[in-house]
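In what follows, a structure is listed as C-alpha cells, so that the remarks can point back to it.
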C-alpha cells in the first residue's frame, strides 16, 4: 500500500503503549479512593504508586531486569496488583501462577515458563518447598505474608515482601521500550495434556484495557465502572489477569477491594461492608455467593455482576434479579486476553420488561469495539449474522495471543487464515448479540446437519425426573455421528422412552428436528466430570468407543 | 532494552489500529439510533455504513487511492462524517478545509496540502471557482448539494455526491495497511504568517478516540457520551475533526445530529427538537446560544456542554448552571489532536456545592489517561504540581502531531527534549487540575519573575469603569520587561492612577506582587483584535516598540 507513512521510529515523538501509561493518570489522584485489602489495609493511589516504585527497586536490587520472568503465587491482593504493574514496567515478564494446579502441573508450568524469581505467599510455601528441588530455572524467592510475624522457609529466599519494600526508594524511572515486549504469561488447563502457556504484550494489554473501558461504559446506561464504582474481582488474579479488570480500575483511579482467599461468606461481607458496586465471576461462584449465609443480611441492589467462563442460565439471572442484582455476560477465553463481547443494554433494550432484558443478559454479549468477529461454516465461509445460522466463532482483535509459549506449533490449532479459532459454535443476531451453542468438538454432526449437544441437554433436563444429563456424538456408519445421552434419574424409575416422548414435543414446536432425538439413551448413576466440575465429554466418548 | 519481543510484523496476527476499526462495531447496530442531518434527513447506522462503502467506491472510480489527498469544503453534515471514514479507510488523506479562511489562505492551504480531489458544497462554489486557476495540484471536483436540483459550476467536476453515491456499490473491501499512515491533515492559523499544516495518523486517531471514551466516561458520574447520549457538534468538523468527537460517537453507535451551517437559533432549535444531550463549543458561540431567541423556549436541563478553545469564565458557567446546563472544560490545541485534559467531576467533587463544582468546571480539566503532562520552568526543569508553581505546559501522548506538513523545520518550535511544548503557562494542582495562566509569549518576565498578563487583565477588568483591557510586556533595560496596560474606559473619565489604586488592594490581599502594577497605562479608544476577535498582542507590542 502506497499510503503516506509517518516516521514512527523517530524516538523524539514515539510514545509506546506501555503498562506504565495506565498509571500516568491514576498516580495523580489524591482523592478519597483507595485500594483495600480484605477490609483491613487501605492504600491511597499515591501510596500505591510509591509501593509500585518500591517493588521495582526491590526487584532490581535482586537482579531482576528486562526479559526475566517473575512468578507470583498469592491470593487476590494489593501486592498482586503491585506486581501487575511493577514487573512488566521494568521490562520483565509476570507469570501469574495458577495456585489450583496439582504440584506436578505447577512444577511443569514454572519450569516451562523459565521463572527466575518466585514471589510466594506463606499459604503456598509447603507446596513450593515440595517441588523446589525440581525447579530448574528459579534463582531466588521472595516471601509474602499477611501477618507481622515473618514466615520461615527452607527456600533460599531474599526476605519478606513488606520488609523489602519498606527499605526501598519510592521513585523509579521506568524506561520506555518496544510496546511489543511480552508483559505477562500464564497457563490454560485442558482436560488432557500439559497446560499451555499464553502470553500478552504491553501493547495488547493497554489496548485491551482501553477497549474494555468503552465496553463497560456502554454495557448499560450507567457505566459498570464509572467514577463512583467500587470494584472487587471475584475471578482470581492468576486467571487472565482477573479478566483485565484491575488494569481498568487502576487506570480510572477507582475504589478497589481485593478479597484475599475466596470464601463465599467473606466475599459477601466485603460486598456489603465496602459498598462494592461491581464484580465479575463464574456462574458457580455467583450461585455460591447468593446461597451464602451472609447473603440473607445483605442488600445487593447496588451490586452489578459480570458473569463469564460458563453460560449464565436464565434461572440464575432471575434469582439475581429478585435480589436487585443486574447481571451482564462477558465472553472470551484465556487466548483472547480475554474480553471479546459483553452485554450491551442500550436505550432500546432498557425500555423493555425485566424478563425481556434478562433474555439479553444471558446471551454472550455483543462484540466490543475493535473486535472483528465472524461465524464460519466448516469450509471457512463466513455465515450470515441473522440469529439463525450457526458456525464456529473466529475473531481478529489487537489482543489475541499469537501462539502458545515455547510451542509455536500448537499455535496452528488456534490460528488459521489470519483468524483465531475459538472452538465455540454460535449464532450472531442482526443486532450483534452472540449466542454460544456448543463447543465445536461437542457438536454432533449427523447427516450433514449440526445438532448442539448443549441444546439437547437443556431440553432433556426440563423433564422433571432428570437429575443431570450429558449428550455426546458417537460414530455412526450411515449418518457420520448420532447423539447419545447419559442421564442420571431423580428417583430411579425413569425410562429411555419417557425421554424420547418428552423430546417429541420440541419436534412438534419446531425447536429441534426429529433426527436430534437420540436412539441410544443410557440411564447411569454418575456422569464423568473434570477436576473443575465440568462434564468430561472426552472421557464419555472414550468409554463409548 | 533486552525485553522479550513479539514478532509484531507477523502478518497472520497483525491487527493495525486503522480508522476502519472504529466502524467494526457501529455497522452492526441496527437499533433506533440514527445520524441526523439538520433534522431533515435520517440514516441508520447500517445505511451510514453502506454510504461509506458507496463513497469509497466513488472515490476509487475517480482514481483516488492510497496516498492521494481529498479536500472537503462543507458545513457539518452526514456527508462530512462519511468522508471522515471513507477517505482514510481507502488509504487516502482527508484535508478538512477551513471554510472561514480568506481566498488567499484557502488557495495557500489547498496547494500546500497538494489536494488531488476537492469535494465542495454549493455554498462555496463561487469561492473555489475564483481560485480554481491557481490550484496547482487539484485534478477533479465533486459537488455537494442540499437540494434535489443539481448545482452547476464552471469547475471541471465529476458530478454530484448523492448522484454518484446512488450509482455505487454498497460493499467495499477496505484494506489493511500500516497504522502509521497519515489519515487527516488541516491547517492552524496564527496571527501572522501562512497557516501551518498538522497531520495525524490512523494509529493516532484510533488511540485518541479510545482515550476520549475513557475521559468522557469519567468526566462525571454519568458519562457525557453514554448509550443514551444524543450528540451534536458545535465545533466545525474542519476544526481538529470537531475535536475528534464524531469518531467517538460513531464508534459507540450513538444518536448523532449534524446541524449544517451554524446559526444560533437553528442550533438551539435542533437541541430542543432532537433532544440533544451533549455538544462541545467555544465560549463565544456558547454565549450566543444562551442569548438566542430560541433559548427562551428551550429546556436545556438535559443538555451538557464541553467548552474549549478559550477559557470558560465563571460568569458564563454560572449563567449556564441557572439554565440547568452542566458545563465541562476541555484543553488542547490543533497540534494535540486535540484533547489533553477534561473536567473530571468525581465522587468527591460531586458532593460539593454547585458553586464549588463550578470552580472545578472552569479550570482546564485533568490530564486524560495516557497523557503525560508536566510544567517546566524556562530552563526545562519540571516544576512541582502543587497548584502554585506555574510553568510551560509540555506533554507526551500517542496523538501529537510530529511536525508541520512539508515544513519539518517548524516542528522544532513545537518539540524539544522529546516533549511537545504547548506555549501555555499553567499550574497543575495536587489533584491534577490544570489552570492555564497565560500564553508563554504573553507572560511578562520582569526581574526574574513571571507576571501573568491574563491575571493582570482580569484584576484590572474588575474596576467598574473599565470596558476592556489588554496587558503586554514591553522591553525594559533594568527589569528585562515591564507590564504595559491598554484600557478602554466605560464612560471616558477614567484615569491611570485610579487603576493603580485599584490594583493596590490586590497587592495587600497577596494576589499580586507590587512589581506587577504597570508604570505605563494608556487609555485608548480601541484595542487591536485579530480576525477571530482575540486581542492581538503581537500588534500591540509592535506598535509600542
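Some points to look at:
- Every residue from region A:70-81 that is part of a helix (DSSP H, G or I) and under 20 Å from residue A:113 (Cβ atoms): A:79, A:80
- Only residues that are surrounded by fewer than 19 Cβ atoms within 10 Å (Cβ to Cβ), within 12 Å of chain A (Cβ to nearest Cβ) and at negative phi were counted across region B:416-425, and they come to 1.
- Residue satisfying condition, being touching a residue at least 60 places away in the same chain (Cβ under 8 Å) and farther than 17 Å from residue B:238 by Cβ, within set B:116, B:146: B:146
- Of the residues contained in region A:493-512, none is found to be touching a helix residue (DSSP H, G or I) at 6+ places or on another chain (Cβ under 8 Å) and part of a strand (DSSP E or B).
- Some residue of region B:175-192 being out of contact with any strand residue (DSSP E or B) (no Cβ under 9 Å at 6 or more places or on another chain), modelled with pLDDT under 95 and either part of a strand (DSSP E or B) or away from chain A (no Cβ under 14 Å) (or both): yes
- Within the set A:368, A:313, A:336, A:343, the sole residue that is within 19 Å of the chain's Cα centre (by Cα) and within 27 Å of residue A:263 (Cβ to Cβ) turns out to be A:313.
- Residue list for region B:429-460, filter: under 20 Å from residue B:515 (Cβ atoms), part of a loop (DSSP other than H, G, I, E, B) and without any contact (Cβ under 8 Å) to a residue 60 or more places away in the chain: B:440, B:443, B:448
- Residue A:142 being crowded, with 17+ Cβ neighbours inside 10 Å, within 24 Å of the chain's Cα centre (by Cα) and in a strand (DSSP E or B): no
- Test result for residue A:490, surrounded by fewer than 17 Cβ atoms within 10 Å (Cβ to Cβ) and in contact with a helix residue (DSSP H, G or I) (Cβ under 8 Å, 6 or more places away or on another chain): no
- Residue count for region A:430-466, restricted to those that are within 14 Å of chain B (Cβ to nearest Cβ) and surrounded by 17 or more Cβ atoms within 10 Å (Cβ to Cβ): 4.
- Condition check for residue B:352: closer than 24 Å to residue A:27 by Cβ and out of contact with any strand residue (DSSP E or B) (no Cβ under 9 Å at 6 or more places or on another chain): yes
- Options B:101, B:17: the member that is under 25 Å from the mean Cα position of the chain (by Cα) and surrounded by fewer than 20 Cβ atoms within 10 Å (Cβ to Cβ): B:101
- Region A:70-89, subset within 14 Å of another protein chain (Cβ to nearest Cβ) and under 27 Å from residue A:127 (Cβ atoms), residue surrounded by the most Cβ atoms within 10 Å (Cβ to Cβ): A:87
- Residue in region A:23-69 that is nearest to the other protein chains (Cβ to nearest Cβ), counting only those that are part of a loop (DSSP other than H, G, I, E, B) and surrounded by 22 or more Cβ atoms within 10 Å (Cβ to Cβ): A:25
- Within region A:462-492, the set of residues being farther than 19 Å from residue A:527 by Cβ and in a loop (DSSP other than H, G, I, E, B) comprises A:477, A:478, A:479.
- Candidates are the residues of region A:357-411 that are free of Cβ contacts under 8 Å to residues at least 24 places away in the same chain, under 30 Å from residue A:115 (Cα atoms) and exposed (fewer than 14 other Cβ atoms within 10 Å of the Cβ); the one that is nearest to the other protein chains (Cβ to nearest Cβ) is A:408.
- Scan of region B:20-43 for residues that are closer than 29 Å to residue B:267 by Cα and modelled with pLDDT of 90 or more, ordered by number: B:22, B:23, B:34, B:35, B:36, B:37, B:38, B:39, B:40, B:41, B:42, B:43
The values are calculated or read from the model by the stated rules, or taken from the named source; none is laboratory data. The structure presented is a predicted model; accordingly, all values stated were derived computationally and were not measured. No Cβ is skipped: glycine too gets one built from the backbone with ideal geometry, and neighbour counts run over all protein chains shown.
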